[in-house]
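Chemist: Input: one structure, supplied below.
Any read-out appearing in this document is the output of simple, stated calculations on the displayed coordinates, not a laboratory observation. All values reported here derive from a predicted model rather than from experimental measurement. Virtual Cβ from ideal backbone geometry, glycine too; neighbours counted across all protein chains shown.
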Amino acid sequence: MTNKSVRDPYAEYARRNLLDDISTAIPAREAEKEVTAAKGLYFIMVKDITILPQEIQNHQTAITLNEHVIYIGKAANNDGGLRQRLALQDLQHKGGPSTFFRSIGAVLGYRPTQNPSANNKNHNYRFSLQDTENIREWINSNLYVKFIEIPDNLIDSLERGLIKSFKPCCNIFGNPKRCQYVVGQRKICMKHWCN
């Protein structure tokens, strides 16, 4: 694992509590049975960044604090807890929209079906059932997660601070160094969805 030297309290917190060893991460395919229903923060990680497009590899090695961390998320009371938000929505695209799932599908080259309502400006584009299943299988085969239970009053500030510190490629909102490749692929998906 590569950790870039930094004196950032959020990065230190994550390093001590989540990122000390990727070998202890939970494989995505086991997340639903291993992740608790509590509130908290989570990291979605890839063991081998070379399976991602070169543009993302470049971002992860040059910009982020840890090349394995591709997304940081939160699960608060209104999100249904870590199992609902991480294991079901982000990793399996079940039970609600997921920015992470749409982002990873976009960078893998999948394109959404056309929006059934041409006037609908909903940004939550959807992939076909077969593409959704292919994305799930890719996630289950290649991604790992770590999570930590955190009190509600700390979740938002810790998530914001960690995203600013780590700058993961699939975090779009609140990321001062957004990965332009991910942003571009999402825009292409939005054009498919809205046209």
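Chemist: Modelled label-to-label distance, ILE188 and LYS47, 7 Å Cα→beta-carbon offset: nm?
Modeler: Between ILE188 and LYS47, the simple spin-label model gives 2.8 nm.
Chemist: So, by mean Cβ neighbours within 10 angstrom, what's the order for 161-172, 146-157, 55-66, 183-194 with the highest one leading?
Modeler: Put in order of decreasing packing, that is 161-172, 55-66, 183-194, 146-157.
Chemist: Additional query: Count charges around PHE101 for me, please; just the other residues with Cβ under 9 Å from its Cβ, Lys/Arg as +1, Asp/Glu as -1.
Modeler: Surrounding charge for PHE101 is +1.
Chemist: Net charge near ARG126: determine it from the other residues with C-beta under 12 Å of the C-beta of ARG126, scoring Lys and Arg +1 and Asp and Glu -1.
Modeler: Local charge sum for ARG126: +1.
Chemist: Next question, about the same structure. Expressed as a rounded percentage, what relative contact order does region 42-195 have, with Cα pairs under 8 Å and six or more residues apart?
Modeler: 35 percent
Chemist: Run the simple label-point estimate for ALA37 and SER141 please: 7 Å along Cα→C-beta, distance reported in nm.
Modeler: Taking the two extended label points, one gets 3.3 nm.
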